[in-house]
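Q: To start, I am sharing the structure in question, which I have written as structure tokens.
Laboratory data are not the source of any read-out in this text; all were calculated from the coordinates shown. These figures come from a predicted structure and were not determined experimentally. Cβ: placed from backbone, ideal geometry, glycine included. Neighbour counts: every protein chain shown.
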Amino acid sequence: MEKLGLASLLRGDNENAIKYYMEAIEIYKRGPNRDDNNLAQCYNIIGVAYKNNKEYSKAIEYYNKAIEIYKQMYPNEDNKDLAVCYNNIGTAIYKAEEYDESIINYKKAIKIYETVHPNRDNEDLASCYKNIGIAFKNNKKYADSIKYFNQAIEIYKKLYPNRDNKDLDSCYKNLESARKYTSGASSSSNYNS
């Protein structure tokens, strides 16, 4: 079921993706060897499908189901899959224009990513820094947004030294936009450096 669900999701057929992943959940729940990790992954992917359909409250509901399972599995909250869920729920909440709440979830994801990736040269962490930067910018907290855009840029520049990356470009554009709203903002990152 999961393979059919993933194929549907990748084709943009979110309704069938939801259907197939719901069927997979029922199998995991009924099976003799309940697999909580796969169950949580199914909930997370259903959340992605609902987010893609702009059904943000349903997306949030399923992300929360995944988070609850992961928190039981990883009480120290030191697992990448849990960070992915917090990032995903942050994005769904952001899309619902609840910026403060999205920032809370992005911060939870960042805390985990910084723990599981101590060298911090990780695309997931950079993406989360970019996401929280955008949320701060849209919440008119420009100094905070600049801080996070700079952190994302620092990582993206290490990962993509030739600077051929759409997320890096997005960070630079958002950074410049945030700077327009602040006077005297300085930055350690410069697009031309």
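Q: Using only C-alpha positions, report the orientation-averaged shadow area of the convex hull of the stretch 1-110, nm², one decimal.
A: Dividing the Cα hull surface by four gives the mean projection, 6.5 nm².
Q: Here is a follow-up. I'd like the FRET efficiency for Glu101 and Arg11, computed as 1/(1 + (r/R0)^6) with the beta carbon distance as r and R0 of 30 Å, rounded to 0.05.
A: Computed FRET efficiency for Glu101 and Arg11 comes out at 0.45.
Q: At what distance in nm do the modelled label points of Asn162 and Ile27 sit from each other, each positioned 7 Å from its Cα along Cα→Cβ?
A: The modelled label-to-label distance comes out at 4.1 nm.
Q: Helix 166-180 against the longest principal axis of the chain: what's the angle in degrees, Cα atoms only, rounded to the nearest 10?
A: 50
Q: Normalised radius of gyration for the stretch 47-103, please: alpha carbon Rg relative to 2.2 N^0.38 Å, two decimal places.
A: After normalising by residue count via 2.2 N^0.38 Å, the value is 1.09.
Q: Any idea what the alpha-carbon Rg over 2.2 N^0.38 Å comes to for the stretch 66-181? Spell out each step's value before the answer.
A: Working: Rg = 14.0 Å, N = 116, 2.2 N^0.38 = 13.4 Å.
The stretch 66-181 yields a ratio of 1.04.
Q: Under unit Cβ charges (Lys, Arg +1; Asp, Glu -1), what dipole magnitude, rounded to 20 debye, does the chain have relative to its Cα centre?
A: I would put it at about 480 debye.
Q: A further question on this structure: Any idea what % of Cα-Cα pairs in the stretch 25-74 are farther than 14 Å?
A: Result for the distance tail: 50 percent.
Q: Can you work out the PRE-style zone for Asn37? Point 7 Å along Cα to Cβ, and I want the residues of the stretch 1-30 with backbone N under 18 Å.
A: Residues 2-3, 25, 28-29 qualify, since their backbone N sits under 18 Å from the label point.
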